[in-house]
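Written below as structure tokens is the structure these notes are about.
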Amino acid sequence: MSRRRRARQDGSRVEQPELPLAAPVKKRISGILEPAAAAKLAVARRAKPSAVPGHVRLVLTLELRRELAEKLSERAIREERNIEAIIIALLEAAAKRWR
């Protein structure tokens, strides 16, 4: 059995300093940087090194409509690839059109 703690008999309370309610506002440097430099900084902070040279590991969580998820899964099964490879191929194809 655990022992119960004794209540303080003197009634004194330890005063604790009040904590600030909101964190101080940090200056955002994204407004200062050019988009390409801001993108490099974001990848440097968020992505992890990959085993593949010249690649990074960027973990994403996607919330997709069920219909879209099923179409992607169907395509992956038909092409005998995983769904991640299908999404990477789609992103790379879209990136080529942006150039």
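Key figures
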{"read-out": "Some residue of the stretch 82-89 being exposed (fewer than 11 other Cβ atoms within 10 Å of the Cβ), without any contact (Cβ under 8 Å) to a residue 60 or more places away in the chain and aliphatic (A, V, I, L, M)", "value": "no"}
{"read-out": "Subset of the stretch 34-50 that is out of contact with any Leu (no Cβ under 7 Å at 6 or more places or on another chain) and in a loop (DSSP other than H, G, I, E, B) - its residue that is modelled with the lowest pLDDT", "value": "34"}
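The values are calculated or read from the model by the stated rules, or taken from the named source; none is laboratory data. These numbers come from a predicted model, not from an experiment. Every residue, glycine among them, receives a Cβ derived from its backbone with ideal geometry; neighbour counts consider all protein chains shown.
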